[in-house]
Amino acid sequence: MVKKYPIERSEAEWRKQLSEEQYRVLREKGTEAPHSGKYNLHFQNGEYHCAACHTKLFESDQKFESNCGWPSFDNAIEGAIEYVQDRSFGMIRTEILCANCGSHLGHVFDDGPTETGQRYCVNSASIEFETKSK
């Protein structure tokens, strides 16, 4: 049974809306190369939204430098993320999806350096940044 999300589009509609790289990551569960994403070393004040449906996922104060090569956050906006067990590539990981449209964002790990102990490892292609004035 396929899960229904508040925002549903056909794959043709997603392809039309997203760049080739965004489609590969968000809809085909791809991963961008480490240290290649535009938000890896990005630390401005603002909000990170799903690149597919613009749902707010993370605040800039949740972001930290993890040296893993992908944008990392220690927490997410409550209710914005869906957590799914991922057994691909011979590993057991927790995949993170946008709870509003089901798009793949990355994975979350229990090795974060902050008090949450979490490291949301997110593909830059799956998010968009919106500046917030202080």
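Here is a yes/no grid of residues against (1) within 18 Å of residue 35 (Cβ to Cβ); (2) among the small types (Gly, Ala, Ser):
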position: 67; (1), (2): yes, no
position: 79; (1), (2): no, yes
position: 85; (1), (2): no, no
position: 95; (1), (2): no, no
position: 99; (1), (2): no, yes
position: 110; (1), (2): no, no
position: 115; (1), (2): no, no
position: 120; (1), (2): yes, no
position: 126; (1), (2): yes, yes
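Take residue 19 and decide whether it is of a type in the set (Gly, Ala, Ser) and out of contact with any Gly (no Cβ under 9 Å at 6 or more places or on another chain). Judged against the criteria, residue 19 is a match.
Residue 97 versus (1) more than 21 Å from residue 11 (Cα to Cα); (2) buried (at least 20 other Cβ atoms within 10 Å of the Cβ): which is the lone unmet condition? Just one mismatch for residue 97, condition (1). Is it true that some residue in the stretch 66-84 is surrounded by 14 or more Cβ atoms within 10 Å (Cβ to Cβ), at pLDDT below 95 and more than 22 Å from residue 45 (Cα to Cα)? No: the stretch 66-84 contains no residue that is surrounded by 14 or more Cβ atoms within 10 Å (Cβ to Cβ), at pLDDT below 95 and more than 22 Å from residue 45 (Cα to Cα).
Against the test of being at positive phi and part of a strand (DSSP E or B), the options 106, 117 yield a single qualifying residue, 106. Whenever a residue of the stretch 87-100 is without any contact (Cβ under 8 Å) to a residue 24 or more places away in the chain, its partners that are hydrophobic (A, V, I, L, M, F, W, C) and surrounded by fewer than 18 Cβ atoms within 10 Å (Cβ to Cβ), lying with C-beta atoms within less than 8 angstrom and at least six residues away or across chains, give the pairs 93/109; 94/84; 94/109; 97/84.
The values are calculated or read from the model by the stated rules, or taken from the named source; none is laboratory data. Note that the coordinates shown come from a computational prediction; the quantities given were computed from them, not determined experimentally. All Cβ positions, glycine included, derive from the backbone under ideal geometry; neighbour counts span all protein chains shown.
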